[in-house]
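To start, the structure under review is shown below, and the notes come after it.
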Amino acid sequence: MADTLKKLTIEGYRSIRRLENFELRALNVLIGANGSGKSNFVSFFRLLREIVERRLQLALATMEGGADACLFLGPKITSQFAAKLNFGPYGYEFSLVPTPDNRFVFLEEAILFSGDPGSSRLVWRGQPEAKLKAIREPGMFGTSIAALVFDALSGLAVYHFHDTGLTAPVRRPHAINDDEVLRPNAENLAPLLYRIQQTIPASYSQIRDVVRLAAPFFNDFKLRPMPATPEMIQLEWLQHDSDYPFRAHQLSDGTLRFICLATALLQPFRPTTMLFDEPELGLHPYALTLLGNLFKQAAVAHGDNIVKQVIISTQSAALLNEFAPEDVIVVERINGESTFRRLDSAQLSEWLEEYSLGELWQKNVLGGRPREDRHPEPVSGGGDSHL
């Protein structure tokens, strides 16, 4: 099993000028105003996955708007974008510098390992794509360390289920053999549910029963290869008191998003660290209560050992009510820079006797609201990291 992320440093990425050795726990809930930097934090992990899979240049051209757009206030202000990820006994770090044609090259890429008698560091420089994936191949120096680091980074999954329109991939037929793990946009939802139904029926029943709680009309999924093209499958479902198979386009956007979320959080082969950007979109308040419980169940810690990790970016006060103060990270943008501050129960104990966490956020006691509306000054919490 891959290790979870313990501490994170990001320098010079979009609105994040400097976030240094920020501790990440089993459950991490980011709140903040529009433009505060929550989405940039999630976007960092999305880009990280592309870097590790040797698709940096493609990501810059298709997702990021080029290297210059990634740098804090542009290349005239910020000369490089760097990060360091600590997974406990080992880690990964890189620094990228822009080129005249708006790409990045590695000023440095390194894997780190701590142990007796000390620490080791393997470094590569000047390449346009990461070497980590290639260096873990058998026979290469540092293979075992690189494999550990690559497995940890591959255990990061960023989910984004906002596209549920009639032509969204999740509503369309999909290859039945694409069933290993839920894809970021849930396009392989049907084949994954089919595999779980066939091989791990207890997990399948758990997903189905949670969906029933959020959508009382829903009875079950009807999962089967398409008769004319058995290598394909599409999402079908049954309503109570009817054997008529409905298709995915007959589900509301909110119901379909909840199905995607429940499947991601209850799939038996969950990634080690899962990130969700504004998962509350289109969900009923009761569904948000269910979702909060699913997030808490998916974030697993035994003592100081984090087994599974969840990171959420949200603007929902109702969803915020489902968490403890220590789960919450307030994101604010001050002088153009994103700041990250974890809440502390002791600082909020008197407030929480009368108000919920969501109410305190709406009253601007926690911060994380538009700055021109900030009154009174928010309560300070622990673990401040000013950027």
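Data for the structure
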| item | result |
| --- | --- |
| Residue in region 108-126 that is among the aliphatic types (A, V, I, L, M), modelled with pLDDT of 95 or more and assigned to a strand (DSSP E or B) present | no |
| Val211 being surrounded by 18 or more Cβ atoms within 10 Å (Cβ to Cβ), out of contact with any strand residue (DSSP E or B) (no Cβ under 8 Å at 6 or more places or on another chain) and of a type in the set (A, V, I, L, M, F, W, C) | no |
| Residue within region 42-65 that is out of contact with any Cys (no Cβ under 8 Å at 6 or more places or on another chain) and closer than 13 Å to Thr314 by Cα present | yes |
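The values are calculated or read from the model by the stated rules, or taken from the named source; none is laboratory data. Every value quoted in this text rests on a predicted model; they were computed, and no experiment measured them. In this analysis, Cβ positions are derived from the backbone assuming ideal geometry, glycine residues included, and neighbour counts consider all displayed protein chains.
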